[in-house]
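S.K.: The structure under discussion is supplied below as structure tokens; questions concerning it will follow.
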Amino acid sequence: MRLSFPTTLTFAALTRPLQFGAGAILALTLSACATISPVAPSHTNVLPTAERNQVISSLKYWRASGEAVLSTPKQNENFGFRWKQSPRLQELSIYDPLGRTVARITVEASGAHLETITGEHRQARNLSTLLSMVLHVELPAAELPDWMLGLRGNTSTISTNALGLPNILRSGPWQVHYLRYAPVGGLTMPKLLQANGPDGIALRMAITQWQMGQAE
């Protein structure tokens, strides 16, 4: 199976200012869904890094959506994405530039399931296997949630910024570079990151919307 994506979006396009939303959330009460509204950067309206990491690590429900460019020595592919995380279900939807759902991968305790735009269905034991079928490269899919959240997870920190948040993380052959953060409610969240891997693979992600907590 091979799914193709138009290559109209470049890495440079993802460095332009994005429409970034943020929810007014209670830092220690994350059961309610965050409403998306602009938040101006300020050192006074965000949690310190240690508390921020503790809150994010305890999140049971969250969603992130945005745009990505996957680069290999042979080609670039751009796509939209939406990641939904909950205790019982993990869901990754991938969109083409026209907004069509190219692939949807769901992961439950029983395994992972893929449905494509052509109506094809595949099953596997984990997300990584199915994601490689869609994107045609091997990505450390199990680590992607921590990368998006800006958490160390099983990675090692190479450098941090002035707030103590990671600038660069290393995970095996991968290096994750955090190029931009933005405040989301009381939390400082990644807005633009790039993961450089083996064989000239690079994944650049612009996260344009965060939703913390369980939707009502």
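S.K.: Quick one: is Thr188 surrounded by 18 or more Cβ atoms within 10 Å (Cβ to Cβ), within 18 Å of Met212 (Cβ to Cβ) and in contact with a helix residue (DSSP H, G or I) (Cβ under 8 Å, 6 or more places away or on another chain)?
M.R.: Details: surrounded by 18 or more Cβ atoms within 10 Å (Cβ to Cβ): yes; within 18 Å of Met212 (Cβ to Cβ): yes; in contact with a helix residue (DSSP H, G or I) (Cβ under 8 Å, 6 or more places away or on another chain): yes.
For Thr188, the condition - surrounded by 18 or more Cβ atoms within 10 Å (Cβ to Cβ), within 18 Å of Met212 (Cβ to Cβ) and in contact with a helix residue (DSSP H, G or I) (Cβ under 8 Å, 6 or more places away or on another chain) - is met.
S.K.: Every residue in region 165-194 that is of a type in the set (A, V, I, L, M, F, W, C) and under 21 Å from Arg63 (Cα atoms), please.
M.R.: Matches in region 165-194: Leu165, Val176, Leu179, Ala182, Val184, Leu187, Met189, Leu192, Leu193.
S.K.: Right, here's the next one. Can you tell me which condition Ser93 does not meet? The list is (1) at pLDDT 95 or above; (2) closer than 22 Å to Tyr181 by Cα; (3) surrounded by fewer than 20 Cβ atoms within 10 Å (Cβ to Cβ); (4) not charged (D, E, K, R), and all the others hold.
M.R.: (2)
S.K.: Which numbered condition trips up Ser93, out of (1) under 19 Å from Leu203 (Cβ atoms); (2) touching a residue at least 40 places away in the same chain (Cβ under 8 Å); (3) not charged (D, E, K, R)?
M.R.: Here Ser93 clears every test but (2).
S.K.: Can you tell me which residue in region 27-58 is modelled with the lowest pLDDT, limited to those that are within 12 Å of Gly185 (Cβ to Cβ), out of contact with any helix residue (DSSP H, G or I) (no Cβ under 8 Å at 6 or more places or on another chain) and surrounded by 15 or more Cβ atoms within 10 Å (Cβ to Cβ)?
M.R.: Ranking the qualifying residues of region 27-58, first place goes to Ala32.
S.K.: Quick check, is Ser132 surrounded by fewer than 18 Cβ atoms within 10 Å (Cβ to Cβ), of a type in the set (S, T, N, Q), without any contact (Cβ under 8 Å) to a residue 12 or more places away in the chain and within 22 Å of Phe79 (Cβ to Cβ)?
M.R.: Working: surrounded by fewer than 18 Cβ atoms within 10 Å (Cβ to Cβ): yes; of a type in the set (S, T, N, Q): yes; without any contact (Cβ under 8 Å) to a residue 12 or more places away in the chain: yes; within 22 Å of Phe79 (Cβ to Cβ): yes.
Criteria met by Ser132.
S.K.: List pairs: first residue in region 162-180 and without any contact (Cβ under 8 Å) to a residue 12 or more places away in the chain, second residue in a loop (DSSP other than H, G, I, E, B) anywhere in the structure, Cβ distance under 9 angstrom, at least six positions apart or on different chains.
M.R.: Here the result reads Asn167/Asn161, each pair linking region 162-180 to a residue that is in a loop (DSSP other than H, G, I, E, B).
S.K.: Look at Arg122 and say whether it is charged (D, E, K, R) and surrounded by fewer than 20 Cβ atoms within 10 Å (Cβ to Cβ).
M.R.: Spelling it out, Arg122 is indeed charged (D, E, K, R) and surrounded by fewer than 20 Cβ atoms within 10 Å (Cβ to Cβ).
S.K.: While we're looking at this one, here's another question. Among the numbered conditions (1) of a type in the set (A, V, I, L, M); (2) surrounded by fewer than 18 Cβ atoms within 10 Å (Cβ to Cβ); (3) closer than 26 Å to Gln75 by Cα, tell me where Leu163 comes up short.
M.R.: It fails just one condition, (3).
S.K.: Tally the residues that are within 17 Å of Met148 (Cβ to Cβ) and among the polar types (S, T, N, Q), restricting the search to region 81-133.
M.R.: Adding up the residues that qualify gives 5.
S.K.: Looking only at strands (runs of 3 or more DSSP E) that fall completely inside region 76-173, which ones have 2 or more residues that are under 18 Å from Leu192 (Cα atoms)? Break it down into steps so the answer makes sense when it comes.
M.R.: Numbers: elements: 76-85, 90-95, 101-108, 111-116, 121-124, 156-160, 166-171.
Fully inside region 76-173 and qualifying: 76-85, 156-160, 166-171.
S.K.: Would you confirm whether or not region 141-155 contains a residue that is surrounded by 14 or more Cβ atoms within 10 Å (Cβ to Cβ), more than 21 Å from Gln54 (Cα to Cα) and either among the aliphatic types (A, V, I, L, M) or at pLDDT 95 or above (or both)?
M.R.: yes
S.K.: Considering only residues of region 191-209 that are aliphatic (A, V, I, L, M) and assigned to a strand (DSSP E or B), which is surrounded by the fewest Cβ atoms within 10 Å (Cβ to Cβ)?
M.R.: Let us first name the residues in region 191-209 that are aliphatic (A, V, I, L, M), namely 192-193, 195, 201-203, 205-207.
Narrowing the set further to residues that are assigned to a strand (DSSP E or B) leaves 192-193, 195, 202-203, 205-207.
Details: Leu192: 20, Leu193: 22, Ala195: 21, Ala202: 17, Leu203: 21, Met205: 25, Ala206: 24, Ile207: 24.
Top of the filtered list is Ala202.
S.K.: Identify the residue in region 96-112 that is over 21 Å from Gln209 (Cβ atoms), surrounded by fewer than 16 Cβ atoms within 10 Å (Cβ to Cβ) and out of contact with any Lys or Arg (no Cβ under 6 Å at 6 or more places or on another chain) and, among all such residues, is modelled with the highest pLDDT.
M.R.: Glu108
The values are calculated or read from the model by the stated rules, or taken from the named source; none is laboratory data. Keep in mind it's a predicted model, so treat the numbers as computed, not measured. We place every Cβ from the backbone using ideal geometry, glycine too, and count neighbours over all the protein chains shown.
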